[in-house]
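The values are calculated or read from the model by the stated rules, or taken from the named source; none is laboratory data. Small disclaimer: the values here were computed from a predicted structure and weren't measured. Cβ: placed from backbone, ideal geometry, glycine included. Neighbour counts: every protein chain shown.
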Amino acid sequence: MSYFIHAKKFFLKNATENGGYLEVTDDGKFGRFFSVDEAKPEGKIVDYADSFIAPGLVDTHIHGLCGHDVMDNDFDKLNEMSEGLLKAGVTSWLPTTLTASHDQLLSICQTIGDNYQKVTGSKIRGIHFEGPFYTEKHKGAQNPKYFRDPDVSEFKDWQNAAHGMIKKISIAPERKGSVEFTKEVSRETAVYLGHSDATFEQAKACVEAGASGFTHTYNGMSGLNHRLPGMVGAALSMKLVDDELICDGHHVNPYAARTVIEKKTPEHVALITDCMQAGLMPDGDYILGELPVIVENGTARLTDASHSLAGSVLLLKDAIKNVVDWNIATPEQAIEMATHTAARCSRIADQCGVIADGYDADFIVLNGDMSLSETYLDGISRYKA
């Protein structure tokens, strides 16, 4: 049965409305929005008079959750992750791989490509390949023994196994053949730049070849110098490219995050988590890919001498609250960065990321302080905080 949601505020596709009634149709889609100036619609009304309604969040860079990792290559574990993501307000996501052998990545592509429509929680909208075409200096928690130059035929093997589900891949611009790879692959998949010591000129060459964004901006890339702008300089100054941003307070100082948001605008900043398997889990010892990690005090770090950050335990619901609490974004901007921008820059905006007529009724209910209250999937309440 169709029904209407009444709420204090609605974050719609092209406007933010105070009050009104949003239709959810019989088939679990969004219908018409009735403003406060119109007559109250007839039918069942679900009242959230003191709350905000926003699109379900879209996490396009996430490695693990609930003790599981995408690299486990186990669909049952992926499904548990999809269920857990509802607790984070996430209704659409891109399982994200790590650097690995060709055959291991091929098998993961096959598993996701064959089964993604079977998930019972947050919807798998594609796959994000983080690597393996990286360089060692800014390797982070990626295993350098698998690093290699970009290869279009190798990518096509993965894409065929995934049934076209690879929506995003990140590469290092300084690797041999990066420009040629970008020209070819960017026709069907978003090419991002990261885990790289590239010069500004090398990054610029890939952007001009079709690269459309930067992976977890500031982290894993050559820094900004007034004479050598580096990857960070390219991420901040290149036009019409998108920047991922991890806003957990550990990966990026809030003032540095503000610089990205103000310079690029929320239309070109995608909030991500880079969450690893310890998300929604207690502190302790974990694995990211093949590398041991210690999780404590809100961070995940390698146990080796580098003690480098190894993903995060951030939930996207907390990222949107953080940027508002830090006074570096308005609630409207926070929602945009975690929904429509994230979806658009991963080429899945035709499926999710907005409240609009005909889209799946995947949405969240937020309290006035931007904390998560409830998550809906296909118009059905699936999680209550």
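Please indicate, with yes or no, whether at least one residue in the range 59-81 is touching a Ser or Thr at 6+ places or on another chain (Cβ under 9 Å) and surrounded by fewer than 17 Cβ atoms within 10 Å (Cβ to Cβ).
Yes, there is a match, as at least one residue in the range 59-81 is touching a Ser or Thr at 6+ places or on another chain (Cβ under 9 Å) and surrounded by fewer than 17 Cβ atoms within 10 Å (Cβ to Cβ).
Strands (runs of 3 or more DSSP E) wholly in the range 1-78 with at least 2 residues that are β-branched (V, I, T) and under 30 Å from N219 (Cα atoms) - which ones?
57-62
Go through (1) at pLDDT below 95; (2) polar (S, T, N, Q); (3) within 22 Å of F129 (Cα to Cα) and name the single condition N297 misses.
All conditions are met except number (3).
Just checking, which of F155, F129 is touching a residue at least 12 places away in the same chain (Cβ under 8 Å) and part of a strand (DSSP E or B)?
Just one listed residue meets the conditions, F129.
Which of the numbered conditions does K44 fail, given that it passes all the others? Conditions: (1) at pLDDT 95 or above; (2) under 23 Å from A334 (Cα atoms).
(2) is the only condition that K44 fails.
Kindly list, by first and then second residue, each pair from a residue in the range 167-186 that is in the same structural domain as F147 (by TED's automatic domain parsing) to a residue that is part of a loop (DSSP other than H, G, I, E, B) and aromatic (F, W, Y), limited to pairs with Cβ atoms under 6 Å and residues at least 6 apart or on different chains.
Taking only residues 6 or more apart or on different chains, the pairs are I171/F133; A172/Y134; R175/F133.
Which is closer than 21 Å to R347 by Cβ, assigned to a loop (DSSP other than H, G, I, E, B), polar (S, T, N, Q) and modelled with pLDDT of 95 or more, of T217, T182, T120?
T217
Report, by residue number, each residue of the range 202-225 that is over 24 Å from E188 (Cβ atoms) and out of contact with any helix residue (DSSP H, G or I) (no Cβ under 9 Å at 6 or more places or on another chain).
N219
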